[in-house]
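Peer 1: After the structure tokens below, expect a handful of questions from me.
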Amino acid sequence: MLAAGAVALGEVGGGQTLGGGAQEYRFIPEAILRETGLEVTPVTARRLKEAVLGRFLDQVDEMPDSMLEDELEHAGLSSHVTTERIREIITRSVMPSVALSLEGFDEIAEEAERVGYPAIFHNAAPSAKRLCAVIEKHPNARIVAGHSNHSSFLPDEAVSIALDLRSKGAVIDVSTLDCISTQWRNDAANLDALIDGGCVDTISTDFAGGHWDGILEAIHRMVKKEQLSAPAAIALATGNVAAVFPRMAGDRGLIEKGKRADLAVVDYVSFGRVRHVIIDGSVAVMNGVPV
């Protein structure tokens, strides 16, 4: 990737390899469908995953069979699969990739430190401890803790981990996921806690199974809830991003002489509604219509 011209690294780890969202909305449901012929929702897959493996994938919080049987009953699966078998299905889907994925954290941090490029890491309950250790081991690496509002955290956990990572020099990113208006799998509790805690540097979307909410929707929420001023909220998606990824976006992100004139003009009542778009000084969209 570097030889091909990459100027940033990541995402290191992911929902597929570290038991995150992709396991819940795709891989676990597919495994259960193959076994039982029944479809389960992402919410059910999450409940079963956490019942079997715990939020940290360490099985410390795994449920006893009696409680897991209740979960199967709630999901309409109790007559189709045993507790022993559901443990096998979920463990086989989630765990084989976890150790290898976590090993990659050190490898990419070392490379980021060597080349001086920022690296985005999967920050979630199963990876947060490793990420903290990696930052301490590679203090000169520019590390971005991606989607630090991940749904595997409790709100207080998200804030304490973000503050710890930030104190060690990490950039704290939050993602809209589907938590602003769609709320297919996630809500805004962790996002709100991190914004209120004053520990957010950048904002992204992440994939959220293809159902992510727009960044401007999140900015609108922050401003209307009076969590941040409009300039501070907008900076999370513009100037702050350019500062973290200078080789990728150093020529934009701020309205100043010498930068690209890439501008979005939004409705002042609803920031999520884009009126006009200017790209490199030329009008590309006027009143919502491409020019």
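Read-outs throughout are calculated quantities, based only on the coordinates presented, and are distinct from any laboratory measurement. Since the model is a prediction, treat every value here as computed from it, not as a measurement. Ideal geometry is used to build each Cβ from the backbone, glycine not excepted, and the neighbour counts take in all protein chains shown.
Peer 1: Roughly how big is the chain's charge dipole about its Cα centre, with Cβ charges of +1 (Lys, Arg) and -1 (Asp, Glu), in debye to the nearest 20?
Peer 2: The calculation lands at about 1100 debye.
Peer 1: Please work out the Cα convex hull volume for segment 79-163 and give it in Å³ per residue.
Peer 2: 111 Å³
Peer 1: What is the local net charge at His138, summed over the other residues whose Cβ is closer than 9 Å to its Cβ (Lys, Arg +1; Asp, Glu -1)?
Peer 2: Taking every other residue near His138 into account, the sum is -3.
Peer 1: Roughly how many debye, to the nearest 20, is the charge dipole of segment 215-291 about its Cα centre, given +1 on each Lys and Arg Cβ, -1 on each Asp and Glu Cβ, and no other charges?
Peer 2: 80 debye
Peer 1: Please compute the modelled spin-label separation between Ser282 and Asp65, points set 7 Å along Cα→Cβ, answer in nm with one decimal.
Peer 2: Simple spin-label model gives 7.0 nm for this pair.
Peer 1: Quick check: the distance between the Cα centres of segment 219-281 and segment 48-124, to the nearest angstrom?
Peer 2: 36 Å
Peer 1: For the chain, just the Cα set please: Rg and Dmax, both in angstrom.
Peer 2: 20.7, 67
Peer 1: Under a point spin-label approximation (7 Å from Cα along Cα-to-Cβ), what is the Met248-Arg260 distance to one decimal in nm?
Peer 2: 1.3 nm
Peer 1: Related question: Mind checking which of Ala189, Thr205, Val277 is farthest towards the positive end of the chain's charge dipole, using Cβ charges of +1 (Lys, Arg) and -1 (Asp, Glu) about the Cα centre?
Peer 2: Going by the Cα projections, it comes out as Val277.
Peer 1: Still on this structure: Using the per-residue mean of other Cβ atoms lying within 10 Å as a proxy for protection, in what order, highest first, do the peptides 253-266, 30-43 fall?
Peer 2: Most protected by this proxy first, the peptides run 30-43, 253-266.
Peer 1: Below 8 Å, C-alpha to C-alpha, sequence gap of six or more: please give me the relative contact order for the chain in percent.
Peer 2: Worked out over the chain, it gives 13 percent.
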